[in-house]
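The values are calculated or read from the model by the stated rules, or taken from the named source; none is laboratory data. The structure displayed is predicted, hence computed values, not measured ones. Neighbour counts run over all protein chains shown; Cβ positions are idealised from the backbone, glycine included. For the accessible areas, the whole protein counts, side chains as well, though only heavy atoms, and no ligand, DNA or RNA atoms are used. Shrake-Rupley method; radii C 1.70, N 1.55, O 1.52, S 1.80 Å.
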Amino acid sequence: MRIYEEITEVADDSARFARRFRQVDERVLDQLDDDVRQLAIEYLIRPPYFAFRRIADLRTEVFSILDERHPLDQERRLYRAAGQLCGLLAHASADLGHPHEAETHARTALVCAELTDDNPLRAYVRWVQSNVAYWSGDYRRAAEIANTGRAHATSGTAMLRLTSQEARALAAVRDLHEFPNAIAAARDARDQLSTADEPGVFQFSRGKAAYYASEAYCAVGEADDLREATRQAQQAIQFLTADPSESGAELLAAARIDLAAAHLASGEVDGFADALDPVLSIAPEHRTVPVVQRIRRLSGELAPHAHGRLALELRERIDLFTAHRAVSPSQPALPE
């Protein structure tokens, strides 16, 4: 990892030098677009704290460029890049357990989206805000944010992202009146998704949609729903392992956690242990807040189903896993 970091840091220095001593022109703007695209791709596969630092550095540079006046078409592209970078910072801040800072970055990203009338950016940022509410336990607000965000969903990825998020939030609050409509909309959006229309983390893949659906069905919790939750989680793992470009450690862990949850809710402790085993082995730098919170939730649900040596071993492994999570660059990886 250190070698990769050194290579990317040196490349970043070269790009900064070129931008510092040249007027903003098409080549500079193309480089910025390419840098943002690469950061969005790397977000899926690199530890979030490493992605955070590089995103923050580039955003600071774009803000500095925007302190000066530029032709309108150039300013539009610069504000778009700034908005995308703020959106990525919001996403990373949430993953690293800083919801207030995530909201701050998200609001700035929405300002940039308004200045450029960028609907894909609006939809992505509204999903981030919904996700912050979801992992704070405010499921009703999470569903409402995702629902209003659908007005900006002009692409297949955006609609799939927001309907999937709305469905799992409604399931978490057990709104069985609205949930069927939301999960049906998510299913339709997934069926209509043809090719990737956004790079990296800006894309919402079929694999991610499948584990969102699994989590939603598991939260509803009836026997037929649990069977569907198992099927969706298995499908998510299949999708994510088939395409390494969309199968970062956190996404694959989430799919396996959902499979474990479905087994546990069905009383299948051995299946639960088998599904969870590879998750408990992922490196601490990939243990984002959503991953850790899901594991903790499962630990609380384990007691009624498991007793004896297996249960004791699982609890010990879960306690060790949750004691060391991904942190921001300035924080040591200490137990909570």
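Table for the structure above
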quantity	calculated
Residues satisfying the stated conditions in region 67-121, i.e. over 18 Å from Ile145 (Cα atoms), within 15 Å of the chain's Cα centre (by Cα) and modelled with pLDDT under 95	Ala92, Ser93, Asp95, Leu96, Gly97, His98
Check on Val62, crowded, with 20+ Cβ neighbours inside 10 Å, over 22 Å from His324 (Cα atoms) and over 15 Å from the mean Cα position of the chain (by Cα)	yes
Helices (runs of 4 or more DSSP H) contained entirely in region 178-268, each with at least 1 residues that are open to solvent by 70 Å² or more (accessible area, probe 1.4 Å) and among the hydrophobic types (A, V, I, L, M, F, W, C)	223-242
Selection from region 124-162 of residues that are buried (at least 19 other Cβ atoms within 10 Å of the Cβ), within 17 Å of the chain's Cα centre (by Cα) and among the polar types (S, T, N, Q)	Gln129, Ser130, Asn131, Thr157
Region 57-70 residues that are within 16 Å of Gly87 (Cβ to Cβ), paired with ones that are assigned to a helix (DSSP H, G or I) and among the β-branched types (Val, Ile, Thr) (beta carbon under 8 Å, 6 or more apart)	Leu58/Val36
Some residue of region 101-123 being in contact (Cβ under 8 Å) with a residue 60 or more places away in the chain, closer than 18 Å to Asp34 by Cα and either open to solvent by 40 Å² or more (accessible area, probe 1.4 Å) or not polar (S, T, N, Q) (or both)	yes
